[in-house]
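Working notes, structure below.
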Amino acid sequence: MQVVVAPDSFGGTLSAPAAAAAIAEGWRRAAPGDELHLLPLADGGTGFVEVLQAALGGEFRERAVTGPFGDPVPAGWLQVGDTAYLESAAACGLHLVSSEQRTPATARRVTTRGVGELIIAARDAGAAEIVVGLGGSATTDGGAGMLAALGAEPVDGSGVPLPDGGAALARCARLDGLLKLDGVHLVAAVDVDNPLLGRHGAAAVFGPQKGADDAAVAELDAALAVFADVLAAADLPAGTDVRDEPGAGAAGGLGAALLACGARRESGAGMVRRLVGLDAALDRVAAGSGLAVTGEGSFDWQSLRGKLITAVARAAADRGIPCVVLAGQVLVGRREAAAVGVDTAYAVADEAGGVDASMADPAGTLAALAERVAARWSRWTPPAAGGADHPRR
């Protein structure tokens, strides 16, 4: 059997290439005769640049930028011709905030300023198009910090610049200054399709994982609503209200600011799918006995809103190829998974005997799960009409 192994990164434990290697190691133990095609992927969050560099080449350029707390952090972008690819998580990612620091106070004050500094650096290096991968952020500031770095400073009614963070946006009256994009075209590579506000918005959905409690979520959502009014009234390239646009809530509302700046929205998973060559890899196995294997740290309902697993599963379904998911945890029901093209989902935590056990040896426990899954699927052949169903858990 031919198997396309195309996972995302597993949270902060395994990069996409490391996850692909672990799956391949376990798979080969149970099914050494299978032909594996390793294709690590990303959806705009952590690992976006690494995956694209492996596929496209180019030059990685690094510089220090403002991190989520205002301190310098190393970040960079991938330069391929006159296009620059960067991931917002490099400057404001959740991995830069320890679990102990993820408190309501932190959620109110972290900033995306470093993302704007990366954009300026890429512009100064000659990029005509800058693709910003969105996902994995620690921030909920609606992209206010990024706009400040680009020259459009959020200010209060007296014209005083606001402090960093989303909570301060409750006092935002306008943007002071002009964007310094100098004709650069922006692309927002979004990892989700959430709007900016409300129960499906940036604060409500993603705030809790960044430390926001119920009070902080309500405060941040209200502040983002004020900022949305400011963006709609500002002299920005989009010239329209973007709060309800799909992807506006990506990366704590950074998507909204990029869309207001005139960025073209594109699915990060779809972009990676195209540039890395997922479709071509699936085409090579579609004619015979083939299988797609994908995965991420947590296969949950957010995975169904434009993340990588959805892109892989749909691409496989288009070709009649079954798709299985190997994830740290599986929190999606079989019916919901099937609706996006996933045949079966398997959890590392179930195989390892719990989340803590799986986290103790991420690569080893993922490989062990892959070995068990391979033993089941290596016996499968495409059924004739009315034939046997795919193997299950």
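The values are calculated or read from the model by the stated rules, or taken from the named source; none is laboratory data. Just so we're clear, the structure is a prediction, and the values are computed from it rather than from any experiment. Positions of Cβ are backbone-derived with ideal geometry, glycine not excepted, and every protein chain shown enters the neighbour counts. Calculation scope for accessible area: heavy atoms of the full protein, side chains included, ligands and nucleic acids excluded. Shrake-Rupley method; radii C 1.70, N 1.55, O 1.52, S 1.80 Å.
Rounded to the nearest 20 Debye, what is the dipole magnitude of segment 92-164 about its Cα centre when Lys and Arg each give +1 and Asp and Glu each give -1 at the C-beta? Before the final figure, lay out each step's value.
On the way: 5 positive and 8 negative charges, 39 e Å.
Dipole about the Cα centre, nearest 20: 180 debye.
The list [x] 89, 50, 19; [y] 44, 24, 18; [z] 38, 21, 18 gives values of semi-axes √(5λ) of the Cα gyration tensor in Å, and only one came from this structure; which label was calculated from it?
The listed entry that was calculated here is [z].
What is the spin-label model distance, in nm, from Val355 to Ala375 if the labels are put 7 Å beyond Cα along the C-beta direction?
Placing both labels 7 Å beyond Cα along the Cβ direction yields 2.7 nm.
Points 7 angstrom from Cα along the Cβ direction at Leu331 and His185: gap in nanometres?
3.8
If one computes the Cα centroid of segment 72-123 and of segment 318-372, what distance in Å separates the two points?
29
Please give the contour-minus-distance gain from Asp283 to Ser99: 0.36 nm per residue of separation, less the Cα-Cα distance, rounded to one decimal in nm.
Details: separation 184, 0.36 × 184 = 66.24 nm, distance 4.19 nm.
Taking 0.36 nm per residue and subtracting the Cα distance, the gain is 62.0 nm.
For a quick size check, give me the Cα extents of segment 13-129 along its three principal axes, largest first, whole Å.
52, 40, 17
Quick one: length gained pulling Ala128 to Ala170 fully straight, 0.36 nm per residue minus the C-alpha distance?
11.7 nm
Under a point-charge model restricted to the Cβ atoms of Lys and Arg (+1) and Asp and Glu (-1), what is the dipole moment magnitude of the chain relative to its Cα centre, in debye to the nearest 20? Don't jump to the answer; show the numbers that get you there.
Values: 31 positive and 46 negative charges, 164 e Å.
About 780 debye.
Rounded to the nearest 500, what is the chain's calculated 222 nm mean residue ellipticity when only DSSP H runs of at least 4 contribute -39500 (n - 2.57) each, over all residues? Could the numbers behind the result be given before it?
Values: 15 runs with 145 residues, N = 393.
Value at 222 nm, helices only, nearest 500: -10500 deg cm²/dmol.
Pop a pseudo-label 7 angstrom from the Cα along the beta-carbon direction at both Ala30 and Val226 and give the gap in nm to one decimal.
Calculated label separation equals 5.4 nm.
Kindly sort Thr112, Thr240 by accessible area of their heavy atoms, largest first, with the probe set to 1.4 Å.
Numbers: Thr112 0, Thr240 75 Å².
Descending accessible area places them as Thr240, Thr112.
R0 = 25 Å: FRET efficiency of Ala339 with Ala215, Cβ-based, nearest 0.05? Please list the in-between numbers first.
Values: r = 35 Å, r/R0 = 1.39.
So, using R0 = 25 Å, E works out to roughly 0.10.
Taking the chain as the reference, fit the longest principal axis to its C-alpha atoms, fit the long axis of helix 362-377 to the helix C-alpha atoms, and give the angle between the two in degrees, 0 to 90, nearest 10.
Helix 362-377 sits roughly 40 degrees off the main axis of the chain.
Helix 113-124 versus the longest principal axis of the chain: what angle, 0 to 90°, nearest 10, using Cα atoms?
That works out to roughly 90 degrees.
Does segment 252-337 come out rounded, prolate or oblate, given a ≥ b ≥ c as the square roots of the eigenvalues of its C-alpha gyration tensor, rounded meaning a/c under 1.5 and, failing that, prolate meaning a/b above b/c? Could you put the intermediate results ahead of the total?
Details: a/c = 2.84, a/b = 1.40, b/c = 2.03.
Oblate, since a/c reaches 1.5 and b/c is not below a/b.
Specify the angular offset, from 0 to 90 degrees and rounded to the nearest 10, of the alpha carbon long axis of helix 214-233 from the longest principal axis of the alpha carbons in the chain.
Once rounded, the angle reads 60 degrees.
Given Leu278, Gly133, Phe48, which one lies farthest toward the positive end of the charge dipole of the chain, if we put +1 on the Cβ of every Lys and Arg and -1 on the Cβ of every Asp and Glu?
The listed residue farthest towards the positive side: Leu278.
Could you state the accessible area per residue of segment 217-333 in Å², with a 1.4 Å probe and every protein chain left in place? Working shown, then result.
Values: 3830 Å² over 117 residues.
That works out to 33 Å² per residue.
If you average the C-alpha positions of segment 185-239 and of segment 140-179 separately, how far apart do those two centres end up, in angstrom?
Between the Cα centres of segment 185-239 and segment 140-179 lies a distance of 14 Å.
Roughly how many percent of the accessible protein surface of the chain is carbon and sulfur, given a 1.4 Å probe and a whole-percent answer?
Values: 7280 of 14670 Å².
The C+S portion of the solvent-accessible surface of the chain is 50 percent.
Considering only Leu224, Ala189, Ala122, whose Cα is most displaced toward the positive end of the charge dipole of the chain, charges sitting on Cβ of Lys, Arg (+1) and Asp, Glu (-1)?
Ranked along the dipole, the leading option is Ala189.
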